[in-house]
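Chemist: Sharing a structure with you now.
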Amino acid sequence: MPKTLSIATQGRGLVDITGEARAYLTEIGAESGLLVLFVQHTSASLTIQENADPDVLADLADHLARLAPADAPWRHTAEGPDDMPAHVKTALTDTSLAIPVIDGAPTLGTWQGVFLFEHRDRPHQRRVVMTYLKTD
C-alpha cells in the first residue's frame, strides 16, 4: 500500500526522512523487496547521502548553489529568483530512489541516510510517495 509523506521544509537544505522510510516498511510488514520513493515536485529532490557529519550536507547544498546561482541570467523568473536554479538542482539530483529491502529493512550503508533536498529558499510543504514492491 503506497503512502504519501507530507514534509515541511525550512527552506534550502536537506531533511532526513530515513526514519519515515523505515517506519513505512515496518507498518506494511515488508520482507524482501524494493522501496521506491518519489518526490512530487520539480524544485525539490531526493538523495542518499552521509548521515553522520552535517558538514557533508551543508557542503553539498553550498556546491549546488554555486553550480546554479540565483543571479544567473535565467529566462524562467516568474516564480522568483530561486525557482529556476531549484529546477536545475533537481535535474542534477534525483526525483526518485529505489532501495533494496532485506528482512524488512532498507539496505542502506552504515553512513547513509535518505534525504529530501529542498532547493527553494523559503519553507515549503513537500510530498514524497513511498511504495514497496515485494520480490519473493
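Here, each number is a calculation from the coordinates, and none is a lab measurement. Not measured: the values here are computed from a predicted model. Note: ideal-geometry Cβ built from the backbone for every residue, glycine included; neighbour counts use all protein chains shown.
Chemist: Out of the range 109-136, which residues are farther than 17 Å from T9 by Cβ and in contact with a strand residue (DSSP E or B) (Cβ under 7 Å, 6 or more places away or on another chain)?
Modeler: Correct list: W111, Q112, M130, T131, Y132, L133, K134, T135.
Chemist: I've got another one for you. Report whether or not D121 is touching a residue at least 12 places away in the same chain (Cβ under 8 Å), surrounded by 12 or more Cβ atoms within 10 Å (Cβ to Cβ) and acidic (D, E).
Modeler: Numbers: touching a residue at least 12 places away in the same chain (Cβ under 8 Å): yes; surrounded by 12 or more Cβ atoms within 10 Å (Cβ to Cβ): yes; acidic (D, E): yes.
Answer is yes for this residue.
Chemist: Can you tell me which residues in the range 93-103 are in contact with a strand residue (DSSP E or B) (Cβ under 8 Å, 6 or more places away or on another chain) and aliphatic (A, V, I, L, M)? Before you say what the answer is, go through the steps one by one.
Modeler: Start the filter on the range 93-103 by keeping residues that are in contact with a strand residue (DSSP E or B) (Cβ under 8 Å, 6 or more places away or on another chain), which leaves 93-101.
Selection gives L97, A98, I99, V101.
Chemist: Another question about this same structure. Residues of the range 85-108 being more than 14 Å from the chain's Cα centre (by Cα), over 19 Å from Q10 (Cα atoms) and either without any contact (Cβ under 8 Å) to a residue 60 or more places away in the chain or part of a helix (DSSP H, G or I) (or both), which ones?
Modeler: Selection gives V88, T107.
Chemist: Follow-up question, since we're still on this one. Residues that are closer than 17 Å to V129 by Cβ: find the strands (runs of 3 or more DSSP E) completely inside the range 1-60 holding 3 or more of those.
Modeler: Working: elements: 3-8, 13-16, 33-39, 44-50.
In the range 1-60, the matching strands (runs of 3 or more DSSP E) lie at 3-8, 33-39, 44-50.
Chemist: Please work out which residue is surrounded by the fewest Cβ atoms within 10 Å (Cβ to Cβ), limiting yourself to the range 37-79 and to residues that are over 27 Å from T107 (Cβ atoms) and among the hydrophobic types (A, V, I, L, M, F, W, C).
Modeler: For the range 37-79, the residue satisfying everything is A78.
Chemist: Within the bounds of the range 61-78, is there any residue that is under 19 Å from G19 (Cβ atoms) and in contact with a Gly (Cβ under 8 Å, 6 or more places away or on another chain)? Write out each step before concluding.
Modeler: Of the range 61-78, the ones under 19 Å from G19 (Cβ atoms) are none.
Checked the range 61-78: no residue is under 19 Å from G19 (Cβ atoms) and in contact with a Gly (Cβ under 8 Å, 6 or more places away or on another chain).
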